[in-house]
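So the structure is just underneath, and the comments pick up after that.
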């Protein structure tokens, strides 16, 4: 794509990203804000690396999801009280989700640092096991076992199993 700017490359996926943002936020204004932040972060990332990812759409999706999670964390850290919606009703599914995020966060902090690192790369960043294994110098089976044990440990920490 000679002569194509970073903006053209990133903005070509904006309709897809806006649909994803709407599903994540369930609010049009928040979805547009999330899309804008995602596009800005993606442009910054492309300018830093000067190399386009092999699968741009998947990479942008990861950038968006990380931005959305960061936004949720910021909101949760500012106000630890339940949010009342505009019509003064509380959506119980949102409260259940928030409780789950808090449980995961507490359990996550109790995991060993190496387990967190491998899980972040494989689960959160969605990197293939073989790429992570090559980078850190262990077998793919070791990565898979680590992920399995980390999931079991998280379940145990969260639900007392």
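Taking the beta-carbon count within 10 Å as an exposure proxy, list 25, 145, 49 from fewest neighbours to most. Write down the numbers at each step before the final one.
On the way: 25 18, 145 12, 49 9.
In order of increasing Cβ crowding within 10 Å: 49, 145, 25.
Taking 0.36 nm per residue of separation and subtracting the Cα-Cα distance, full extension of the segment from residue 9 to residue 36 would add 8.2 nm. Note on residue 56 and residue 72: the model spin-label points, each 7 Å out from Cα along the C-beta direction, lie 2.8 nm apart.
Between residue 47 and residue 138, the C-beta separation translates, for a Förster distance of 25 Å, into a calculated FRET efficiency of about 0.15. This ranking places 11, 133 by how few other beta-carbon atoms lie within 10 Å of each, fewest first, which gives 11, 133. Put in order of Cβ neighbour count within 10 Å, fewest first, the listed residues 108, 7 become 7, 108.
Stokes-Einstein diffusion of the range 1-80 at 37 °C, 0.692 mPa s viscosity, Kirkwood radius from Cα pairs, rounded to a whole number: 250 µm²/s.
We did not get these values from a lab; they are worked out from the coordinates using the rules stated. Because the structure is a prediction, the values reported are computed rather than measured. So basically every Cβ, Gly included, is an ideal-geometry build from the backbone, and we count neighbours across all protein chains shown.
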